[in-house]
Amino acid sequence: MRALFAFISLAIAVAPLPAQDRAGNGDEAAIRELVRRYVDARERIDPEAVAALFTPDADQLVSSGEWRKGRDEVVRGTMASSRSTGGHRTVALESVRFLMSDVAIADGRYELTELSGGATRRMWTTLVVKRTADGWRITAIRNMLPAAPAPSR
């Protein structure tokens, strides 16, 4: 009976907890800071700073449909985009959800303002981030233009 009790106690003690509980508020703050640093590096058109924020196997699917695969392609594409569009970028994260203690999804509103002619472009962005030996890094980005509402039936 003692062996059974010990086994059950051990099983409960090591049972996986929900990822949200395992990742602390410090992790969410670190992810929000990572996204802030990404936007800042894009604004400065700083390829080295952008590269430092991504995993080597990162990818990015942008709203035009271009799929950038690998950190080097992501950096080249983001720098080209920043140079060609100009304007001012902001990402306002609305949620950070932990899938595991070392993997999270960050969703937010992505805006490009002060574009040529004073235009503003509003999108959604989803970033998949991963904890590495060097801290949190971006491993995937998906930028999406909002779709028009479906017609009512």
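Going through V62, V91, V96, V103 one at a time, which residue ends up being over 20 Å from D27 (Cα atoms), among the hydrophobic types (A, V, I, L, M, F, W, C), in contact (Cβ under 8 Å) with a residue 12 or more places away in the chain and surrounded by 11 or more Cβ atoms within 10 Å (Cβ to Cβ)?
One residue alone meets the criteria, V62.
So which of E73, E28 ends up being acidic (D, E), in contact with an Asp or Glu (Cβ under 9 Å, 6 or more places away or on another chain) and either at pLDDT 95 or above or assigned to a loop (DSSP other than H, G, I, E, B) (or both)?
Just a single option satisfies the conditions, and that option is E73.
Of the residues in the range 40-58, how many are part of a helix (DSSP H, G or I), out of contact with any Phe, Trp or Tyr (no Cβ under 9 Å at 6 or more places or on another chain) and crowded, with 17+ Cβ neighbours inside 10 Å?
3
For residues in the range 115-153 being at positive phi and not in a strand (DSSP E or B), which is surrounded by the most Cβ atoms within 10 Å (Cβ to Cβ)?
Ranking the qualifying residues of the range 115-153, first place goes to G118.
The values are calculated or read from the model by the stated rules, or taken from the named source; none is laboratory data. Note that the coordinates shown come from a computational prediction; the quantities given were computed from them, not determined experimentally. So basically every Cβ, Gly included, is an ideal-geometry build from the backbone, and we count neighbours across all protein chains shown.
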